[in-house]
Amino acid sequence: MGKITAFMLFLIWSPIVWSQYHISETRTWDDYPPEVQKPGFGLHKSQKVQMDDNPPLEVVLLFSSNNGHYPYFDLFKNYYVIIDNYSKEVKYVSNVTISNERELQLEDRDNDGKFELYRKYFKDDEFMVDKDGNNLKVIWNYNSIQF
Amino acid sequence: MKRYKAFAIGLLLVLGVLTECSAKEKIKAMIVTGQDGSHWWKGGSDAIKQILENSDLFTVDILVTPDWDEDIGLYDPQFNLYDLVIIYYGGNTLAQKTRKDFEKYVADGGGVVVVHSSIVPMDDWEEYNKMIGLGAWNGRNEKDGPYVYWQNDRIVYDYSPGEAGHHALQHPFVITTRIAEHPITKGLPKTWKHFKDELYGKTRGPAQNMEILATAYDDPKLDGTGRNEPILWTVNYGKGHVFVSLMGHAGNDPELRYSMECTGFQVTLLRGAEWAATANVTQKVPKDFPTEDIITLRKEFKAPFNALELER
């Protein structure tokens, strides 16, 4: 009797049993989960590419917000989000960087069949312009994001 | 010797009288400004004052409204002391007495110039909406009137529902003159390029007694509306003349006013201001006016010494 009771308790607490009744949460988004959108940013561009070893493609999204208008250029705050296009799992959310471009530069420079995301940016508040807002002077940083 | 002294004193008196007469002939203008969270209203209104006064045609007073959290009822200018009121304002609706005074001032023949984002505020002031003809944002939609734009050589009044107001990233754009014989646009090139600015689109409003003088194509490749959007227009309100220029962004991000440095903005502002105040334009088209290919700037907000040699 004790064995039967223990077995029943095991069944009650077993994830295998409960998983039969588990209902996944309804997905209410199409392009990206809303939690990846930071306040004040908007989706600027997206592109599907192969970034990892799994067959499904990844969706790379560029979120951007304006960070100042100057006579001959603009500054933008950018960050990138990478989502598995099949599982919709958010695989990567970058930090926010500053640039005068809003580019989604995805290339397979090492020819390994997987694309890399290339970024050009500078640190916030570390730039100079003249009194007319021209001649942007910055120290550019370059890096890539790859899996 | 006494003769010379008398002559010199007489000459000075005559010159003094002439100078006084000349000063009296200037158009008296005031600028309504303040309370704009999206624009550098201090820099913008200062630029407008410089542009007008440097032409030697205007004297300009800047009358700043109370701040956002202060009582707008304290703002009570004597409009009738001026020939022209320039609106460069983005804040709370003026108090009822001020509104009524302004309506009377315009209806009785006062001149008004409305610059750039001043078509955004005071959406709940029906008569202001009539004066500006077309407005944008602040909840304006089909209840306020049709979208108005230019298509197939005519004005389209589009009553389809939708919110008013749109602009993409700032960029230079080409202005196309639509009424070449209006005093404000007479002699200007058919097309000319304006320096980097916000191109407002999807404007809508009562659009009564209105003439569209110039438009700009809002290129969808640059996230634009795909329409030829009104940029310069006039509205007749009672006996008063209103001139609206959608150019003239002055950013607070940072505080720069390069759009106002454009010669095309400055010249059309000067001509529109003179027309609104006097129903006439005496200014010749300057030599440095931009063309479709060449943008020109007046960074000091005044015409270069050789700008007025040529009349087109």
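The share of C-alpha pairs in segment B:38-102 whose separation exceeds 16 Å stands at 52 percent. Remark: C-alpha extents of segment B:42-160 on the principal axes read 41, 35, 30 Å, sorted largest to smallest.
Note on chain A: Cα convex hull, mean projected area over all directions, 13.7 nm². Share of pairwise Cα-Cα distances greater than 32 Å in chain B is 25 percent (whole percent).
Remark on segment B:100-215: Rg and Dmax equal 14.8, 40 Å (Cα only).
The distance from the alpha carbon centre of segment B:57-102 to that of segment B:145-161 is 31 Å, rounded to a whole number. Each residue of segment A:123-139 was assigned a 3J(HN,Hα) from its phi angle through the Karplus expression (A = 6.51, B = -1.76, C = 1.60, θ = phi - 60°), giving 6, 4, 6, 10, 8, 9, 9, 7, 5, 8, x, 10, 6, 5, 10, 8, 9 Hz with x at Gly and Pro. The alpha-carbon atoms of the protein assembly as shown, seen along their principal axes, cover 135, 50, 47 angstrom, with the largest extent given first.
Taking chymotrypsin sites (Phe, Trp or Tyr not before Pro) that fall in a DSSP loop and have at most 14 other Cβ atoms within 10 Å as cut points, what is the longest piece of chain B between them? Within chain B, the longest run free of exposed chymotrypsin sites (Phe, Trp or Tyr not before Pro) spans B:160-304.
Normalised by residue count, segment B:93-137 yields a Cα convex hull volume of 67 Å³ per residue. The relative contact order of chain B, computed from alpha carbon pairs under 8 Å that lie at least 6 residues apart in sequence, is 18 percent. The 3J(HN,Hα) values that the Karplus relation (6.51, -1.76, 1.60; θ = phi - 60°) gives for segment B:277-292 are, in residue order, 7, 10, 6, 8, 10, 9, 7, 7, 6, x, 5, 8, 5, x, 10, 5 Hz. Gly and Pro appear as x. Cα convex hull, segment B:164-312: 117 Å³ per residue, rounded to a whole number.
Longer than 27 Å from Cα to Cα, which of B:Lys186/B:Lys221; A:Lys131/B:Lys193; A:Lys88/B:Lys202; B:Lys193/B:Lys302; A:Lys38/B:Lys143; A:Lys91/A:Lys114 are they? Say none if no pair is.
Violating the 27 Å limit, Cα to Cα: B:Lys186/B:Lys221; A:Lys88/B:Lys202; A:Lys38/B:Lys143.
Straight-line reach from A:Lys123: taking Cα to Cα under 16 Å and skipping same-chain neighbours fewer than 8 places apart, the lysines in range are A:Lys77, A:Lys137.
When the Cα centres of segment B:254-312 and segment B:168-214 are compared, how far apart do they sit, in Å? Rounded to whole Å, the Cα centres lie 14 Å apart. Report summary: the helix-based calculation at 222 nm, which adds -39500 (n - 2.57) for every DSSP H run with n ≥ 4 and divides by the residues of the protein assembly as shown, gives -6000 deg cm²/dmol.
A DSSP coil position with no more than 13 other Cβ atoms inside 10 Å describes the following GluC sites (Glu not before Pro) in segment B:219-312: B:Glu292, B:Glu300, B:Glu309, B:Glu311.
Considering only A:Gln37, A:Val81, A:Val93, and ranking their Cα positions along the charge dipole of segment A:30-145 that arises from unit charges at the beta-carbon of Lys, Arg, Asp and Glu, the one farthest toward the positive end is A:Gln37.
With the simple model of a label 7 Å out from the Cα in the direction of the Cβ, B:Ile179 to B:Asp293 spans 3.1 nm.
Here, each number is a calculation from the coordinates, and none is a lab measurement. Given the structure is predicted, the values throughout are model-derived calculations rather than measurements. Positions of Cβ are generated from backbone atoms using ideal geometry, with glycine treated the same way; all protein chains shown enter the neighbour counts.
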